[in-house]
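S.K.: A single structure is presented below for examination.
The values are calculated or read from the model by the stated rules, or taken from the named source; none is laboratory data. It should be emphasised that the depicted structure is a prediction, and the values quoted were computed from it without experimental measurement. Positions of Cβ are generated from backbone atoms using ideal geometry, with glycine treated the same way; all protein chains shown enter the neighbour counts. With ligands, DNA and RNA removed, areas are computed over all heavy atoms of the protein, side chains included. Shrake-Rupley method; radii C 1.70, N 1.55, O 1.52, S 1.80 Å.
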Amino acid sequence: MADAVSGTESLREKLKAVLGEGLLLTAQEDMQRYCSDWHGDVKSSAVAVIRPRSTEDVSAAVRACAELGLAIIPQGGNTGLVLGGTPDDPARQVVISLERMNAIRAIDADDFSAVVEAGCILSEFKDAVAEQGMFFPLSLGAQGSCRMGGNVSTNAGGINVLRYGMTRELVLGLEVVLPDGTIWNGLSTLRKDNRGVDLKQLFIGAEGTLGIITAVSVKLYPNPEHVETALLGLNSLDDAIKLYRRARRECCDLMSAFEFMPPVAFTLAIEAIPDLKMPIAGDYPAYVLMEISGSGLVDTADLMGRFLEGVMEDGLVLDGVIASSRAQAQSLWLFREGMNEGQALRGAHMRTDISVPLSKLAEFVAEAEAELHAKLPECLAVSYGHVGDGNVHLNVLPPDGSSREERDAYIYKSKVLVNEVLDRYVGSISAEHGIGRLKRSDFEARLPEVQRNMIMNLKKAFDPEFRMNPGCQITLQAHS
C-alpha cells in the first residue's frame with residue numbers, strides 16, 4: 001500500500017512539473033465529484049484531475065499522460081448514466097475535465113451555425129443562441145449541468161429527437177485532440193462537404209475512446225416563436241402509439257415532442273417536487289405530453305386545437321389540458337423531469353434506456369412488465385419515454401427498505417429479465433445514453449464478430465496504447 005501511495009505521489013509531482021499546479025487537482029476531497037457517478041452510486045479516485053483551459057492545454061496533458069503511462073478518462077459535466085466518465089483504476093488513470101473550456105466562439109445567425117467549446121453547459125449555450133433569435137434543439141433533463149462535448153461524445157438524445165434527430169444530426173464539425181496529442185481541427189460549418197470519409201462521425205458516440213472533443217460546430221434553427229404543449233389522458237400505451245401515428249400525419253414536422261408517462265409518474269414527480277399540482281382532474285391509465293412548435297406565419301394554436309378536437313371526438317383521447325402560457329408549459333414538463341428525481345429519491349434502482357421498432361413498443365412494454373410482475377412482484381416497474389422514436393425507459397424500483405445488497409440483486413435480476421425480452425424484439429440496450437462501463441458486458445455479449453473486429457481495428461488505429469477511456473464500451477487489451 002505504501003508503495004502504491006508513493007507511486008501515485010510521484011506521478012502527481014511529474015504532472016505538476018509539466019503542466020503546472022494551476023491545471024491539477026490532487027486532493028481527494030477536491031477530486032471526489034469528478035470520480036463519482038451522477039447518482040452517487042459509484043465512488044472512485046484518480047491520480048489527478050486535469051482541468052485544461054484551452055485546446056493546447058488538452059494536447060499538453062495528453063502528451064504528458066502518454067509519457068507517464070497514464071490512462072485518460074475524458075469528462076464533461078459528469079451527468080452520464082452509464083459510468084462512461086467515471087474512473088475505475090485509481091492508480092493508473094487521470095480525469096481530464098473540460099469544464100473550464102466553456103467559451104462560445106461564434107454564433108452566426110446568417111449561417112444558422114455556431115462554434116462552441118466542449119465545456120460549455122448546454123442550457124447556457126441554448127440561452128446565448130436564443131438571444132440571437134436562434135434555436136439549438138438538443139433538450140435534456142440535465143441540460144443545466146451537462147456540457148456540449150459530453151453530449152456529442154455520447155450522441156445524446158432527449159425530447160426533441162422526434163423532430164430534429166440525435167446530437168449526431170446537429171453536428172457540423174469537430175475539434176479533437178487525438179491520443180498522441182495531435183490537434184485535429186475539423187470545425188467546418190459547411191452543410192454539404194463530400195470530400196471523402198466524414199471523420200467527425202467516428203468521434204460522435206465514441207464516448208472519448210478515440211480522442212477528446214474540445215470544440216464543436218453545430219446547426220442552428222429559427223427560434224420557435226409559437227409553442228403548444230398539451231397533457232393528455234388515454235386508456236393505454238397502445239392508444240398512445242395510435243395517437244402518435246395520427247399526430248405524425250396531421251401535425252407533420254411541427255410535432256417536436258411526444259412523451260408517454262404512466263400514472264405513477266405523477267406520484268414520483270410530486271415526491272421530488274411537492275409543490276406540483278395535478279393538472280388533470282381524472283385518473284387515467286396512460287398519459288401523453290405532446291408539443292408542437294413553429295415560427296413565422298404558422299398558427300400552432302389552431303393546429304393543436306383542431307387536432308385534439310378530432311381525437312377526442314373519436315375517443316382516442318379521454319381528457320386533456322393545453323398550457324395557456326410558457327410558465328404553464330414548463331410546469332407540465334416538470335412532471336416529466338421530476339419523475340426521474342422521484343425515482344432517484346427511492347434509492348438505487350434498475351435504469352434502462354432501450355429501443356424497439358415503434359410498431360412493437362406497446363407489445364414489448366406489456367410483455368416485459370408481465371415478466372417482471374410474475375418473477376419480481378415486489379418490485380415496481382415504471383415505463384416511460386420518447387414514444388415517437390421507439391425509446392422507452394423501463395425502470396425497476398426495488399421495494400422500500402431493501403438493503404444495498406438486496407437492491408443490487410433486484411437490479412441484476414430485473415436487467416436480465418428485461419434484456420431477455422428485448423432480445424426477442426431485436427431491440428437496442430442503449431437508445432440514447434451510451435454504453436460506458438455499466439452496459440459494457442451486455443453490449444459485448446450481443447456484439448457480432450464482424451462489428452467487434454471493426455471497432456477493435458478503429459481503436460488500434462487511433463489509440464494503439466489503449467490509453468483513452470479504457471474499459472468504456474468494450475474490453476480491449478493492448479499488444480504485448
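S.K.: Relative to the longest principal Cα axis of the chain, at what angle does helix 300-313 sit, 0 to 90 degrees, rounded to 10?
M.R.: With rounding to tens, the tilt is 60 degrees.
S.K.: Below 19 Å, Cα to Cα, which aspartates and glutamates can residue 375 reach? Residues fewer than 8 away in the same chain don't count.
M.R.: In chain and number order, the partners are 363, 367, 400, 405, 406, 408, 420, 423.
S.K.: Next up: Please turn the phi angles of the stretch 178-193 into ³J(HN,Hα) values with the Karplus equation 6.51 cos²θ - 1.76 cosθ + 1.60 (θ = phi - 60°), one per residue in order, whole Hz, x for glycine and proline.
M.R.: Taking θ as phi minus 60°, the curve returns 7, x, 9, x, 5, 9, 9, 9, x, 7, 6, 10, 5, 7, 10, 8 Hz for the stretch 178-193.
S.K.: Please give the per residue accessible area of the chain, computed with a probe of 1.4 Å over protein heavy atoms only, in Å². Numbers along the way, then the final one.
M.R.: Numbers: 20820 Å² over 480 residues.
Heavy-atom SASA per residue in the chain reads 43 Å².
S.K.: Expressed in nm to one decimal, what extension gain is obtained for the pair residue 16 and residue 400 from 0.36 nm per residue of sequence separation less their Cα-Cα distance? Walk me through the intermediate numbers first.
M.R.: Values: separation 384, 0.36 × 384 = 138.24 nm, distance 4.73 nm.
This chain segment gains 133.5 nm when fully extended.
S.K.: Sequence neighbours fewer than 8 away in the same chain don't count; with that in mind, list the aspartates and glutamates whose C-alpha is under 14 Å from residue 460.
M.R.: Residue 460 reaches 180.
S.K.: If you fit an axis through the alpha-carbon atoms of helix 55-68 and take the longest principal axis of the Cα set of the chain, what angle between them do you get, 0 to 90°, nearest 10?
M.R.: Helix 55-68 sits roughly 60 degrees off the main axis of the chain.
S.K.: A follow-up question, please. Percent of Cα-Cα pairs per 10 Å bin, from 0 to the last occupied bin, for the stretch 355-480, please list those.
M.R.: For the stretch 355-480, the pair-distance distribution reads 11, 35, 30, 18, 6.
S.K.: Once you list every other residue whose beta carbon is under 13 Å from the beta carbon of residue 226, what net charge do they have if Lys and Arg are +1 and Asp and Glu are -1?
M.R.: Details: positive: 326; negative: 225, 228, 291, 299, 302.
After counting each charged neighbour, the total is -4.
S.K.: Hey, could you pull the Cα Rg and Dmax for the stretch 11-86, both in Å?
M.R.: Cα only, the stretch 11-86: 12.5, 35 Å (Rg, Dmax).
S.K.: From the phi of every residue in the stretch 258-270, what ³J(HN,Hα) in whole Hz does the Karplus formula 6.51 cos²θ - 1.76 cosθ + 1.60 yield, where θ is phi - 60° and glycine or proline is x?
M.R.: 8, 10, 9, 9, x, x, 5, 4, 6, 4, 5, 5, 5
S.K.: Which whole-number percent gives the relative contact order of the stretch 367-480, counting Cα pairs below 8 Å spaced six or more residues apart? Don't jump to the answer; show the numbers that get you there.
M.R.: Values: 86 pairs, mean separation 21.5, N = 114.
Relative contact order, the stretch 367-480: 19 percent.
S.K.: Compute the long axis of helix 326-345 from its Cα atoms, compare it with the longest principal axis of the Cα atoms of the chain, and write down the angle in degrees, 0 to 90, nearest 10.
M.R.: That works out to roughly 60 degrees.
S.K.: Multiply the residue gap between residue 375 and residue 185 by 0.36 nm, knock off their C-alpha separation, and tell me the result in nm, one decimal place. Show your work: numbers first, answer last.
M.R.: Values: separation 190, 0.36 × 190 = 68.40 nm, distance 5.29 nm.
Result: 63.1 nm gained on full extension.
S.K.: With equal scatterers on the alpha carbons only and no solvent term, can you work out the Debye log10 of I(q)/I(0) for the stretch 414-454 at 0.29 1/Å?
M.R.: For the requested q values the scattering log ratios are -1.19.
S.K.: Can you work out ³J(HN,Hα) from phi for every residue in the stretch 74-90, in order, using Karplus 6.51 cos²θ - 1.76 cosθ + 1.60 and θ = phi - 60°, giving whole Hz and x for Gly and Pro?
M.R.: Per-residue couplings from phi come out as x, 8, x, x, 6, 9, x, 10, 10, 6, x, x, 10, x, 9, 9, x Hz.
S.K.: Also: Note down the nm distance, to one decimal, between modelled labels 7 Å out along Cα→Cβ at residue 360 and at residue 145.
M.R.: Label-label distance for residue 360 and residue 145, simple model: 3.4 nm.
S.K.: Find, to one decimal place in angstroms, the Kirkwood hydrodynamic radius of the stretch 96-179, where the mean of 1/r is taken over every pair of different Cα atoms and then inverted. Walk me through the numbers on the way to the answer.
M.R.: On the way: mean 1/r = 0.0764 Å⁻¹.
It works out to 13.1 Å.
S.K.: Another one. Return the subset of 14/126; 14/459; 126/415; 360/413 for which the Cα-Cα distance in this structure is over 31 Å, preserving the input order. Please report the intermediate quantities before stating the final value.
M.R.: On the way: 14/126 39 Å; 14/459 28 Å; 126/415 35 Å; 360/413 24 Å.
From the list (14/126; 14/459; 126/415; 360/413), the Cα-Cα distance tops 31 Å for 14/126; 126/415.
S.K.: Now, a different point. Which whole-number percentage describes the relative contact order of the chain, with Cα contacts under 8 Å and a sequence gap of 6 or more?
M.R.: Working: 957 pairs, mean separation 71.1, N = 480.
Once divided by the residue count of the chain, the mean separation gives 15 percent.
S.K.: Note the full-extension length gain between residue 281 and residue 441 as 0.36 nm times their separation in residues minus their Cα-Cα distance, in nm to one decimal.
M.R.: Numbers: separation 160, 0.36 × 160 = 57.60 nm, distance 4.50 nm.
Between residue 281 and residue 441, full extension yields 53.1 nm more.
S.K.: Once amide H atoms are built 1.01 Å from N in the peptide plane, which residues 5 or more positions from residue 186, or in another chain, come under 5 Å H to H?
M.R.: 174, 175, 176
S.K.: Can you work out the base-10 log of I(q)/I(0) for the stretch 238-334 at q = 0.12, 0.14, 0.17 1/Å, using the Debye formula on its C-alpha atoms alone?
M.R.: Log10 I(q)/I(0), no solvent term: -0.41, -0.56, -0.82.
S.K.: If you build the Cα gyration tensor of the stretch 130-252 and take the root of 5 times each eigenvalue, what three semi-axes come out, in whole angstrom, biggest first? Mind dumping the intermediate values first?
M.R.: Working: eigenvalues 217, 54, 43 Å².
Listed largest to smallest, the semi-axes of the stretch 130-252 are 33, 16, 15 Å.
S.K.: Report the one residue of 202, 212, 263 whose Cα lies farthest in the direction of the positive end of the charge dipole of the stretch 201-265 (charges on C-beta: Lys and Arg +1, Asp and Glu -1; origin at the Cα centre).
M.R.: Selected residue: 202.
S.K.: With a 1.4 Å probe and every protein chain kept in, tell me what percent of the accessible surface of the chain is carbon plus sulfur. Intermediate values should be presented prior to the final figure.
M.R.: Details: 10610 of 20820 Å².
Taking all protein chains in place, the chain shows 51 percent carbon and sulfur surface.
S.K.: Can you give the local net charge around residue 322? Use residues other than it whose beta-carbon is closer than 13 angstrom to its beta-carbon, Lys and Arg +1, Asp and Glu -1. Kindly include the intermediate steps, with their values, before the conclusion.
M.R.: Details: positive: 306, 326; negative: 228, 291, 302, 309, 319.
Here the charged neighbours net out to -3.
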